[in-house]
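These notes concern the structure reproduced below.
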Amino acid sequence: MLRRTGTSLSPPTSPPAPIASPRFSTPADRRYLYPFTNCTNCGPRFTIIADIPYDRANTTMKVFRMCHRWQQEYDDPRSRRFHAQPNACPDCGPRLELTDVHGRKTADDAIGRAAELLREGKIIAIKGLGGFLLACDAANREAVAELRRRKHRPAKPFAVMVATLEEARCHAEISDAEAGLLTSPAAPIVLVNWKEGSTITREVAPGLKHLGIMLPYTPLHHILLRRVGCPLVMTSGNLSEEPIARDNAEALSRLGGIADYFLLHNRDIYSRYDDSVMLMEAGHPRFVRRARGFAPHPVRLPFGCGQLLACGAGEKNTFCLARDNFAFVSQHIGDMDNSLTLQHFTETIVLYERLFRIKPEAIACDLHPDYLTTRYAEERAKMDCLPLVRVQHHHAHIASCLADNAVTGPVIGVAFDGTGYGSDGKIWGGEVLLADCRSFRRLAHLEYLPLPGGEAAIRNPYRTALGYLTALGMDIPEGLPALALAGKAGLDIIRTQVARGINSPPTSSMGRLFDAVSAIIGVRGTIEYEAQAAIELEVAASEAPDEKGGYPFRVEEQNGILIVRLGETLSAVIRDWREKRAQSTIAARFHNTVAAMVVELCQAISARTGLRAVALSGGVFQNRILLRKTNTLLESGGFTVYTHHQVPPNDGGVSLGQAAIAGSGGVDHSTR
Ligand code: FE
C-alpha cells in the first residue's frame, strides 16, 4: 500500500492529490504510473498466499518471471524491495487490461479510458486486491440507481472511495480519530457523518446520515481516482449476497449483467477479501465488518486451548481457528445461504488450516440445526471423528465479547440481536445471561411475542408490529402506519395467524422490537436490507439528541427468570403517535427506554449475584445511540462495561465466542 504523502501525480485533477512513492509518481522512473508498484512493507499479502513460508513461489506472483532489475532489487538488502514477494515492474510484472463484457480488449490506455467511461456514467468492474469491486460515479444519481437495479440491491448503502483525505472532508464531517482510521495502513471503509452540500448523491445511502467512505489502498486506485476526478462508488463485485468475484473468467460470467466494462489484470487472487468496515463510537474504533487489513491477525485469548475450528453462525459469517492463546478469526465470509458462499467458507477453512498449521481436535458450531455452518460442522466432526460442541448463539456473543477483552468472566451478558436459536428451541434475541466462557444461565429476556409469517414478518416489520399488538391484546387505531401497510384484510389474516399459532414463531428478539416500533410509527414498515427498519429508527432518534423522555416497561419474575413485559411500552408509543409527536421524539424515547431497561435488569441481577461487570454484544449494539446511552448509564451506575473492539458485535464475532467456549472446556449442549 502506498502512503499518502509526497509529490503530486500528473495528470492533475482537482483537488491535486499527493502520492507517496517517489518512483511511482516520477515520470522518469520505469515504475511511473505502474499500478502494481509496492515495496517490502506494502502491497498484497494474504490475498495472494497459497501456503507458507511467505515466498514468491507460494504466491500467485510465481508465474511472473523476474527480470534482471527486479531480481537485483529483490536480492539487495539495501533496497526497499528486498524480498518483497509481490515486487513487480512494468517489464515483467502484472498488466492491466480494459475489456468489454465479452472479455475483448477495448483500449490501450486502460486506466485513462476507464476514467472516461466512469465520467460518462458507466459501471466498471475493477479487479482489486481481494476481489472485484463495482465502480461508478458517486455523484451521478442515474449511474448509482442503475447499479442498484442491476445488482438487485435497491437500498443497502454503498461505500465510496475518494482520492484524498482532503476530498473526503468535502463530503463528510471527519474527526481526527476517523481521519486516523481512514489513513491507516488497513484503509478500511469508515462510517462518517455525511456533510450538507456533498456532491455525492443520496442514492448512495438512501435515508441514512452516515456515509461509508474509504481512501485508495492500491496503486491502481490511486491512479484511477486521480484520473477520474470524482468520488467513486466502490461496492463488492457480486450479485446481492453472493461472495465477491475473484477470477477474471468468473467475474465476466457473474458480473456480465451488472458491469459495462471490466478493468482486469493477470495477477491471480488466491483468497477473497472484502473491504473492512469500521466506525468510531464512544472514543473507540469498532468493527462492522472485519476483513481486508485485519483478518487473520489473531485475537489473543486469555487462556490456552487445543486446536479447534469454530464454524460461526448463519449471517455475516466468519469462522475461527484457535490454538494455544491465539484465535484466528477469518475475514468476513458472508451470509451462508447460497452454495457459492459455502464454497468460499470451505475453501478458506482449508487455506487457514494450511497457513496456520492447525489440525482441529474439536469442532464448534451454533445450536441452530439448519445453519449450513452447523451441517458442515456435523459432517466434518463425523468425517474426522472429532467431538462437536454446540454453542447457544447468545452465549457465543457474550463469550466473543469476553475474548475480545481478554477476560473470562463471569459477567452479566446483555446479548441483543435479531435472531438466535434458543436452548428451548425458540427464537431468542433480547437476552441477559449470567455467563463466562464455559457456561451460561438465562436470567432475563423480553417476553415472547409472535412473528406472524416467520421470515415474512422479518422482511415486513409491519407484520411484526401488528402481531405484537394483537398478542398483547391492544387496540390497533385507525390510521396507524403499520395498519395502513397491511390493510384490513391483512390485519385479519395476522390476527388469525396469531390466535391459532399458525406459522407465528414466538421470539424474545430485541431486533424485532426495534422493527416493530419503527413500523408502528411509520419510519419503515417494509425493508430492502437486513435491519433497515431499526437503522432508520436510529437515524430518526439522532434528530432528537436532547430528548430525555422514556416509556414504561414492566419486569416480572417467572421461575427465577426476569421477563420484560412490553404492553405498556407499546401503548405509550402509540399514545405519542396519536398525540402527533415527532417520529424523532418517539424514536429517541424508545432508545432511552431500552437503555434504561438494560440498566434495570443489570441492577436486579447484580443484586442477586454480586456481579458488577457487564458485556454488551449482538448486532443491536451496532446502534451507536443505544450503545452510547447504555454504556453511559451502566458506567454511571458503577458497572464495568465490556464492548467489542477486535471483532464486530454482530454475528461476525460469533465464531470467536464459539472458539472461546469450546477452547475453555465449555460443554453446554455438547454432543460429544
Ligand atoms: Fe446474533
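The values are calculated or read from the model by the stated rules, or taken from the named source; none is laboratory data. Keep in mind that this is a model prediction, so the values were computed, not measured. No Cβ is skipped: glycine too gets one built from the backbone with ideal geometry, and neighbour counts run over all protein chains shown. Please note that ligands, DNA and RNA were not included when accessible areas were found on the heavy atoms of the full protein model with its side chains. Shrake-Rupley method; radii C 1.70, N 1.55, O 1.52, S 1.80 Å.
Figures for the structure shown
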| item | result |
| --- | --- |
| Criterion (within 16 Å of the ligand (Cβ to nearest atom) and open to solvent by 10 Å² or more (accessible area, probe 1.4 Å)) met by exactly one of 453, 418 | 418 |
| Residues of segment 540-574 satisfying the condition of being in contact (Cβ under 8 Å) with a residue 60 or more places away in the chain, within 18 Å of residue 448 (Cβ to Cβ) and touching a Lys or Arg at 6+ places or on another chain (Cβ under 7 Å) | 561, 565 |
| Of residues in segment 349-373 being of a type in the set (Val, Ile, Thr) and not in a strand (DSSP E or B), the one surrounded by the fewest Cβ atoms within 10 Å (Cβ to Cβ) | 350 |
| Some residue of segment 623-634 being under 28 Å from the mean Cα position of the chain (by Cα) and either within 19 Å of residue 441 (Cβ to Cβ) or among the small types (Gly, Ala, Ser) (or both) | no |
| Unmet requirement for residue 399, which otherwise passes all of (1) among the aliphatic types (A, V, I, L, M); (2) within 16 Å of the ligand (Cβ to nearest atom); (3) assigned to a loop (DSSP other than H, G, I, E, B) | (3) |
| Residue check, residue 429 in the same structural domain as residue 603 (by TED's automatic domain parsing) and surrounded by 16 or more Cβ atoms within 10 Å (Cβ to Cβ) | yes |
| Meets criteria (more than 16 Å from the ligand (Cβ to nearest atom) and closer than 19 Å to residue 324 by Cα) for residue 412 | no |
| Evaluation of residue 83 against (1) at negative phi; (2) modelled with pLDDT under 90; (3) assigned to a loop (DSSP other than H, G, I, E, B); (4) surrounded by fewer than 17 Cβ atoms within 10 Å (Cβ to Cβ) (one fails), failing number | (1) |
| Among residues of segment 599-653, those that are part of a helix (DSSP H, G or I), buried (at least 24 other Cβ atoms within 10 Å of the Cβ) and away from the ligand (no atom under 16 Å from the Cβ), counted | 2 |
| Some residue of segment 399-412 being of a type in the set (S, T, N, Q), open to solvent by 30 Å² or more (accessible area, probe 1.4 Å) and modelled with pLDDT under 95 | yes |
| Residue in segment 301-322 that is among the charged types (D, E, K, R), under 16 Å from residue 402 (Cα atoms) and either in contact with a helix residue (DSSP H, G or I) (Cβ under 9 Å, 6 or more places away or on another chain) or not in a loop (DSSP other than H, G, I, E, B) (or both) present | no |
| Any hit, segment 374-385, residues being part of a helix (DSSP H, G or I) and within 16 Å of the ligand (Cβ to nearest atom) | yes |
| Residue check, residue 274 away from the ligand (no atom under 16 Å from the Cβ), acidic (Asp, Glu), within 18 Å of residue 245 (Cβ to Cβ) and open to solvent by less than 30 Å² (accessible area, probe 1.4 Å) | yes |
| Of residues in segment 155-201 being within 19 Å of residue 139 (Cα to Cα) and of a type in the set (Asp, Glu), the one least open to solvent (accessible area, probe 1.4 Å) | 167 |
| From the options 536, 547, 568, residue that is open to solvent by less than 30 Å² (accessible area, probe 1.4 Å), at pLDDT 95 or above, of a type in the set (D, E, K, R) and in the same structural domain as residue 585 (by TED's automatic domain parsing) | 536 |
| Options 662, 596, 587: the member that is among the hydrophobic types (A, V, I, L, M, F, W, C), away from the ligand (no atom under 16 Å from the Cβ) and open to solvent by 20 Å² or more (accessible area, probe 1.4 Å) | 596 |
| Qualifying position, being aliphatic (A, V, I, L, M), under 30 Å from residue 606 (Cβ atoms) and in contact (Cβ under 8 Å) with a residue 60 or more places away in the chain, among 449, 537 | 449 |
| The lone exception for residue 339 - which of (1) within 16 Å of the ligand (Cβ to nearest atom); (2) without any contact (Cβ under 8 Å) to a residue 40 or more places away in the chain; (3) among the polar types (S, T, N, Q) it fails | (1) |
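A quick yes/no check of all residues on (1) surrounded by 14 or more Cβ atoms within 10 Å (Cβ to Cβ); (2) under 31 Å from the mean Cα position of the chain (by Cα):
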residue	(1), (2)
32	yes, no
36	yes, yes
48	yes, yes
52	no, yes
66	yes, no
74	yes, no
100	yes, no
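Conditions (1) on the phi > 0 side of the Ramachandran plot; (2) buried (at least 23 other Cβ atoms within 10 Å of the Cβ); (3) not charged (D, E, K, R), marked per residue:
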residue: 507; (1), (2), (3): no, yes, yes
residue: 514; (1), (2), (3): no, yes, yes
residue: 518; (1), (2), (3): no, yes, yes
residue: 528; (1), (2), (3): no, no, no
residue: 562; (1), (2), (3): no, no, yes
